[in-house]
Each structure stands twice: as structure tokens, then as C-alpha cells.
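In what follows, a structure is listed as C-alpha cells, so that the remarks can point back to it.
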Amino acid sequence: MLIALCGEAVAQPSITAFPLESALVIDGVHEADLWIGADSAIGFTQMAPFPGQVSSQRSVAFIGFDSLYIYVSVILYQETEVLAKAMNRDVLTRGDDAFTLVIDPYNDNRSGYGFWTNPLGTQTDFRINDDGRSIDVNWDTEWRTASTMHEKGWTLEMAIPFKSLRFKPGADTWGVNFGRIYLANQETSYWSGTLSDDFRISQGGKLTGITVPSSKSKLSLYPYVTMRYENNEFTGVSNKVTPKVGGDIKWQISPNATADATINPDFATVEGDRERINLTRYELNYPEKRLFFQEGNEMYSTRIKTFYSRRIQDIMYGAKVTGKSGKYNYNAMNVRSLQMDDEDEPPSFYTTARVKRDFLESSSVGFTAVDKRNDSSYVTSFSGDYVLNLGETWKLTGQLVASVPGDFLSHSAWFVRFAKENNFYHMHVRYTEMGENFKENVNQAGYVVDDDRREVDMDLSYRWWIQNKIFNYIEVGTRNNVFWARTTGVLRSWNINESVEFYLQNRFSLTYRYNNEYKLFDKDYYNHRHTFDLGYNTAEWSHAMAGYSFGHNFDRDFQRYSLGGRVKITEKMAVEYSGDLIKFTPDEENQSTLINIISVNYNFTNDLWIKLFAQNSTSSSKIYFYGLAGWRFKPPFGALYLIYSHDQEAELMGELAHADAVFLQFTFPIAVIR
């Protein structure tokens, strides 16, 4: 029975790592004489649009190593023009011709690393967990890549230091896969065969014959110095220049364990969040942009989110350790927050710990503890979760969370979810219960939008790849949710969402979405929404979109107009714009608004660039501008940044207040123990 549930083992292809006698010059030119006698990865198979068919374009990949680096050299033939626009690091997109290396250094069939690049040599690196179902593009490491375009297609080379990866000492077999996006046909193909979805580690191949370096401890320092000019009417700081020093410490204890520490980090240099229109009465979730919190954060990506790092504001210091030992992945962190001038809460210690154990072919069970405490209070949560992969497309997941102080029943939550999914379709059924005091506890350090509910959630979507003279594909979906109060059994909400998308061969796309919902707050609310979107070239990096929606939202009628797009003005300059106008009738609280967001990027090289970001919201007279000139002289961490930011917003009395700041920040990596 267990074999039937978890799937029979399928023979995985293998490639032998080639020992290189001399280091590659990473210039994007395939040096055939250095690869004489090397094994090669050929015969890629489509994942989409026609799964199981041979890739329409030929690819040849080589992989080798020396004592310091893993090397990859790939020749990608194609019959049509090579397409590439993206130049920003860490943007994982299907909008370019692209190549991805996936490696699984622990050979555990569930976790690994991805290295994505395009014909412009743009880099995106990411961590892979839960057999490809969790991707963390915030993870950054040191590696090099270069690409060249030619009349037969394009070629690329990569050099990835062993020190940039965590791996099992002494192992001579890793998991590996090579993936390719051929944009002209919207084709995704992989070397190992037909994947059910991108980055499925368990469906990859094997890299044999690799010799990893001996286990050595490495210690690196990343000191920084910042000069800050500030003129801030919100805080009363006037024309003040403040120097600040701090730094990060990275100790690679072994090839499979790393400790990090930060002292006096400067989070004020991070770009502000984008303005968004919120048609719900729930708190919005924003991404983490601060470097210290990014690495390892993916381990806490459980459905009931007991740790949400955005709850932590500025910190004085922090430390964490991340690694893997045998079948156990682990992460632990402790930070001390600062006293904020505009907050009543005293400085607090935040402590998190996460352990996840692998079992069966690609399943796992995990435990998480999160604690926040200060001189006057404390809150602690404990969570257990599991991911059971029942073959290639079936998955059973669940989680139980308890928190203190307070009784167990009203301060706990749990869910169970059963899903079947691949890159064509998705369906799931989920049941959740949350106690009536759960949110108050967990949101001290986590993110939960509501509590006191018994909830049923059902989703279904399917994409048909038609590819005739008119249609490229058609996708339909339905998402439905209903919940009752756990304490009283009273119906509190239903939410019904239906959608259909037509993607045409002329690159236009048409989408219709319908929403109908009931919400019980201070009284009964019946909301509905119709949305129409028109897009052009949305499968590629350069694209344009326009949308119109209308409906009824919490006793108000509304109309909403949206416009957006992204285009390369020149080879090095890219512009992105989005506009969102909403009008409420009646509008007693003056919530009608127009939000404009524009960003301009100019890349002299992939590591020398200028970024300008500006946004405004008319309802609050808010204007925000952020400008950055950056030079990664030793990527990804050694860098020099010049930053200017401007904030303007109406205060309670209606008067406008301004804040201006200029930062000059220099970070230099120092290897203390090599």
C-alpha cells in the first residue's frame, strides 16, 4: 500500500562530472578542447506545452569540476531569434530565453539550489525545498556566469564555488538537472525527462564521480560604514549627518552548516514597499527585503505562518545558524529589537527554531518554535507540520499550532490539505480550525489575518495547450472558500472566484474574473466584483496590460481602472509602470485614490547600475521617491551604494510633512579563515 501511495521508483538518468585540468575562463564561449572526453546531457524532454515530446530545440550541457569550482558549459541551439530583456538580478522569469542548473548536493531528492541565467548573463540564484514546491529567490551566493549569442543560438558558462554551497562531505553523487526555456514556443524542457512541475528535485537525474573538497571551516566578515544625511519633519530630525558602522559575520562551520551574525545593521537603506489597494478588511502581507532575514526564511514558509520577519523592526544585533545533518534540516535565530521612538513597545528578543526531518522518497515532517519576550510580556508558539508527497502529483499536508499564554483550545489552530497538481492543473481541498484568541498571540511574531473559524477551501484550475492558429492556451479556474465561527457556529464568510483566460497566438490575452462574497463583521456585507483584463505579450519580459473592474464592496459601489507595462527603451535601460485608479460611491471616508508607480533601471553592466523608483497615492497625498546607484565590485556582497529617498504624506491635521535622506554605504567582504 505504501509503495502504491508514494510511487514506484523510476530510473533516473545520470551524467559523470568531468575533472578539468585547468580552470575555465568564464566568457560565455564554449571551449571544446577542454571538454574532450566529457559526458554530456542531451535529449531534453518537454514539460510544456507538450509533455513527453522531445524538445523542439537541441541543447548540449557539460558539467565538470576542479578543487574550487563546479563548472557548466552549455550550447543552446535555436531556429529563431534569441530573446532576452531582463538585466536585474534575482528575478525568476519565463519572459526570456533562459537556462537553469538545478543541483541537489545532499542527494536527498527534495532540496537543492537553482542557478538561472539568460543570454544577457543575468543571474538569479535560489534555494529549492519540499521537492520544488518552495522556492526562495532571496537567497544569494557568489558565482559567475557569462553568455554569448550567435547565429545558431547562444552559449553560456557558469562557475560555482564549492564554498557557496552546503553539501555532504565525502559524497561522490549529487542530484542534478538542466532546464531550458525556449520563448518562441513557450516551451519548457528538462534533461531528466518529463517533470510534473518546475524544479522537482525527485524527478531529476544524478551527477556521479564528483570529488568535493575536504571539510574546512571558513570565516568571513562583511563590515560596512554608512554616512546618512536626514531632514525629517515626521521625527523632528533636522539636517543631521550621522555616521554608522556595523557588519555581518558568516562562519561556514562545515560544508553543511553555516552561522551568521549581524551587529547594528542599517535597514533604512532598503527600498520602501509598493502601494497597494486593499478591498478586504484584512492586513496585507509584504515581502522581506532585509538581507539578514532573507536566508533561511523559506524554512518558515508554513501555511499557518507563525514567523513573519516583517513584525521585527530595526534590530541591535542578531545571530542564526542554518544547516543539515543527515536527514535533519535546521535553522535557529535570535535577534534583539530596538526601541522605536514612535512605538510604545519596549525592546524585545525574538527567538525562532525550526527542525525538519526527511522521510520516504521526498516527504518531510517539521517542528517550529517561535518566542517573543520583553520585560513586560511574552508569547510563544509551537508548531508541527508534515508534507507527504504521494507520488508525482498527489500531496497531503497539515499543521498543528499551539500558543501560550492562554488555554489550548482558544489559542491553537490546525489544518489538513489534500492536493493533486502539476504544471497543467491544480486541485485541492483544505479544512482549517482556528481558536478565537489565536491571532492575538501568534501575530506578535507571525502573520494570521483572522481567527475563530472552521473553514473549508476548494480550488480547481486547468490549462489546455491548444496551439492552433488562434489560441495558444485556455486556462479556467475556480477558487471557493467558506467558514463559520468556531465558537458559535454562525456563518461568517463565503468567497467564490471564477476565472477564464485566453492566450492568443497574436500575443494578446483576455481574462475575465468574477468574485462573489459574503462577510459578517459589524453586520452582513454582500460584495461582488467583475474584472476584465487585456494583455499583450504577457508571457515575455516586455509586456503591457490594462484592466477594468466594477462591483459592490462593503456598502459602496466601485469602479477600478488599471494600466501597466514593462519595456526596454535601450539595450541597457528598462522602464516599468503601473497605475491603479479606484472610485467609490458613496465615498464618505475619501478612500477613492489613484496610485502611480514607476521604476527605471539603467544597467551599465550586471553589477553596475542605477535604479529610480517613484510612487504616489492621491488619497493621502503620499509621494515616495527612491534612487540608488549601485556597484557590486565583489558580487554579491561587496558593494558601494549611494541612495536618496524622499517621503511626503498628509498628517492627521491635513498638513503635508516631508522626509529626505541620503545614504552612502560601503561593504567590503574580508575572508578571515579561508
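The values are calculated or read from the model by the stated rules, or taken from the named source; none is laboratory data. Remember, it's a predicted structure, so these values are computed and weren't measured experimentally. Here the Cβ is made from the backbone with ideal geometry for all residues, glycine too, and neighbour counts use every protein chain on show.
Of all residues in the range 78-121, which are polar (S, T, N, Q), surrounded by fewer than 22 Cβ atoms within 10 Å (Cβ to Cβ) and closer than 30 Å to LEU360 by Cα? THR100, ASN107, ASN109 - these are the residues of the range 78-121 that are polar (S, T, N, Q), surrounded by fewer than 22 Cβ atoms within 10 Å (Cβ to Cβ) and closer than 30 Å to LEU360 by Cα.
Within the range 223-239, not a single residue is part of a loop (DSSP other than H, G, I, E, B), in contact with a Leu (Cβ under 7 Å, 6 or more places away or on another chain) and polar (S, T, N, Q). Residues of the range 176-189 that are farther than 14 Å from PHE115 by Cα and modelled with pLDDT of 90 or more: TYR182, LEU183, ALA184, GLN186, GLU187, THR188, SER189. Of the residues making up the range 545-564, those that are free of Cβ contacts under 8 Å to residues at least 60 places away in the same chain and closer than 15 Å to ASN596 by Cα are MET545, ALA546, GLY547, TYR561, SER562, LEU563, GLY564.
Residues in the range 122-154 that are surrounded by 19 or more Cβ atoms within 10 Å (Cβ to Cβ) and without any contact (Cβ under 8 Å) to a residue 60 or more places away in the chain were compared, and the one that is nearest to LEU68 (Cα to Cα) is TRP143.
Scan the range 591-613 and tell me whether some residue there is farther than 22 Å from ALA84 by Cα and part of a loop (DSSP other than H, G, I, E, B). Yes, the range 591-613 contains a residue that is farther than 22 Å from ALA84 by Cα and part of a loop (DSSP other than H, G, I, E, B). PRO586 passes every criterion in (1) at pLDDT 95 or above; (2) surrounded by 17 or more Cβ atoms within 10 Å (Cβ to Cβ) apart from (2). State all residues of the range 300-325 that are in a strand (DSSP E or B), within 21 Å of the chain's Cα centre (by Cα) and among the charged types (D, E, K, R); if no residue qualifies, say none. If the condition is that a residue be in a strand (DSSP E or B), within 21 Å of the chain's Cα centre (by Cα) and among the charged types (D, E, K, R), then LYS305, LYS320 are the ones that fit.
Considering the range 322-362, and only residues there that are under 19 Å from THR235 (Cβ atoms) and in contact (Cβ under 8 Å) with a residue 40 or more places away in the chain, the residue that is surrounded by the fewest Cβ atoms within 10 Å (Cβ to Cβ) turns out to be ASP342.
If you go through the range 89-105 one residue at a time, do you hit one that is of a type in the set (D, E, K, R) and closer than 22 Å to GLY175 by Cβ? The answer is yes; a qualifying residue exists. Within the range 365-381, is there a residue that is among the hydroxyl-bearing types (Ser, Thr, Tyr), touching a residue at least 40 places away in the same chain (Cβ under 8 Å), within 29 Å of ARG486 (Cα to Cα) and out of contact with any Phe, Trp or Tyr (no Cβ under 7 Å at 6 or more places or on another chain)? Yes, the conditions are met somewhere in the range 365-381. For the range 69-94, what are the residues that are part of a loop (DSSP other than H, G, I, E, B), among the aliphatic types (A, V, I, L, M) and either under 30 Å from LYS289 (Cα atoms) or touching a Lys or Arg at 6+ places or on another chain (Cβ under 8 Å) (or both)? Correct list: LEU83, ALA84, ALA86, MET87, VAL91, LEU92. The residue list VAL102, VAL137 contains one member that is at pLDDT below 95 and either in contact with a Ser or Thr (Cβ under 9 Å, 6 or more places away or on another chain) or of a type in the set (A, V, I, L, M, F, W, C) (or both), which is VAL137. Residues that are buried (at least 17 other Cβ atoms within 10 Å of the Cβ), over 30 Å from LYS250 (Cα atoms) and either without any contact (Cβ under 8 Å) to a residue 60 or more places away in the chain or over 24 Å from the mean Cα position of the chain (by Cα) (or both) do not occur anywhere in the range 630-644.
Kindly establish whether ASP273 is within 30 Å of ARG556 (Cα to Cα) and either free of Cβ contacts under 8 Å to residues at least 12 places away in the same chain or in a loop (DSSP other than H, G, I, E, B) (or both). Spell out the reasoning first.
Details: within 30 Å of ARG556 (Cα to Cα): yes; either free of Cβ contacts under 8 Å to residues at least 12 places away in the same chain or in a loop (DSSP other than H, G, I, E, B) (or both): yes.
For ASP273, the condition - within 30 Å of ARG556 (Cα to Cα) and either free of Cβ contacts under 8 Å to residues at least 12 places away in the same chain or in a loop (DSSP other than H, G, I, E, B) (or both) - is met.
Which residue is nearest to GLN78 (Cα to Cα), if the candidates are limited to the range 26-57 and must be assigned to a loop (DSSP other than H, G, I, E, B) and among the polar types (S, T, N, Q)? Write out each step before concluding.
Step one: of the range 26-57, the residues assigned to a loop (DSSP other than H, G, I, E, B) are 26-31, 36-40, 42-44, 49-53, 55-57.
After this cut, where a residue has to be among the polar types (S, T, N, Q) as well, the list is 40, 53, 55-57.
Working: SER40: 18, GLN53: 17, SER55: 11, SER56: 9, GLN57: 6 Å.
Only one residue fits best here, namely GLN57.
On inspection, ARG127 fails the criterion of being basic (Lys, Arg) and assigned to a loop (DSSP other than H, G, I, E, B).
Within the range 434-444, is there a residue that is of a type in the set (Val, Ile, Thr), touching a residue at least 12 places away in the same chain (Cβ under 8 Å) and part of a strand (DSSP E or B)?
Pass one, the range 434-444, residues of a type in the set (Val, Ile, Thr): 442.
Okay, now just the ones that are also touching a residue at least 12 places away in the same chain (Cβ under 8 Å), so 442.
Filter once more, keeping what is part of a strand (DSSP E or B): none.
Scanning the range 434-444 turns up no residue that is of a type in the set (Val, Ile, Thr), touching a residue at least 12 places away in the same chain (Cβ under 8 Å) and part of a strand (DSSP E or B).
Reported count of residues in the range 375-391, each being charged (D, E, K, R) and either surrounded by fewer than 18 Cβ atoms within 10 Å (Cβ to Cβ) or out of contact with any Ser or Thr (no Cβ under 7 Å at 6 or more places or on another chain) (or both), is 1.
Looking at the range 360-403 only, could you name the residues that are among the hydrophobic types (A, V, I, L, M, F, W, C), at pLDDT below 90 and either assigned to a strand (DSSP E or B) or not assigned by TED's automatic domain parsing to the domain that holds ARG336 (or both)? Can you show your working first?
Initial filter on the range 360-403 (among the hydrophobic types (A, V, I, L, M, F, W, C)): 360, 365, 367, 369-370, 379, 382, 387-388, 390, 394, 396, 400-402.
When the remaining residues are screened for being at pLDDT below 90, the result is 360, 390.
Answer for the range 360-403, where residues must be among the hydrophobic types (A, V, I, L, M, F, W, C), at pLDDT below 90 and either assigned to a strand (DSSP E or B) or not assigned by TED's automatic domain parsing to the domain that holds ARG336 (or both): just LEU390.
Here the range 338-359 is the region considered, the condition is being in a strand (DSSP E or B) and touching an Asp or Glu at 6+ places or on another chain (Cβ under 7 Å), and the residue that is nearest to ILE128 (Cα to Cα) is ASP358.
Being part of a strand (DSSP E or B), touching a Phe, Trp or Tyr at 6+ places or on another chain (Cβ under 6 Å), surrounded by 17 or more Cβ atoms within 10 Å (Cβ to Cβ) and at pLDDT 95 or above: is that true of PHE62 here? Yes; evaluated as a whole, the condition is true for this residue. Given the criteria loosely packed, with under 14 Cβ neighbours inside 10 Å and either assigned by TED's automatic domain parsing to the domain that holds MET427 or closer than 28 Å to THR393 by Cβ (or both), does ASN480 qualify? In short, no.
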